[in-house]
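Have a look at the structure below, then the notes.
Only the coordinates and a few stated rules stand behind these numbers; no lab work does. As the structure is a computational prediction, the values presented were derived from the model and not from experiment. Here the Cβ is made from the backbone with ideal geometry for all residues, glycine too, and neighbour counts use every protein chain on show.
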């Protein structure tokens, strides 16, 4: 449409990287339906949660408590199992983007940290995104 103003994106997302699903354990129904093997375990994260990728192209990430008192415990107690977050891929340095987001008044959850596959990641609080926990991941998804 000629003459239409298009605002510049504050988050230059290139696409959906993965979708996070919260569950009390790795034997979640969706994971079983898509053929994930709960016996393969997952990757323990510093926050105490455990994550495992499954589904088409590894585009689904199951998140469950790896020990008592993790952030996912509170989520499960409040909302139950289900959609936890949407991860978007960006090709900008998250350390720089973090400062731009803060300056724009976007509420962040924590600092830039290492994602389940080793890439830098940063979470945006649902209060700043209209109710969706958004994870930004820097760079292409890594295999393994």
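Of 131, 59, 20, which has the largest mean-square fluctuation in a 10 Å C-alpha GNM of the chain?
131
Among 26-38, 112-124, how do they line up by average Cβ neighbours within 10 Å per residue, starting with the highest?
Most protected by this proxy first, the peptides run 112-124, 26-38.
Where does helix 94-103 land angle-wise versus the long Cα axis of the chain, in degrees 0 to 90, nearest 10?
It is inclined by approximately 60 degrees.
In percent, what relative contact order does the chain have, based on Cα pairs under 8 Å that are 6 or more apart in sequence?
24 percent
From the mean inverse distance of alpha carbon pairs (Kirkwood) and the Cα radius of gyration, derive Rg over Rh for the chain.
1.00
Compute the separation of the alpha-carbon centres of segment 88-144 and segment 13-35 and state it in Å as a whole number.
19 Å
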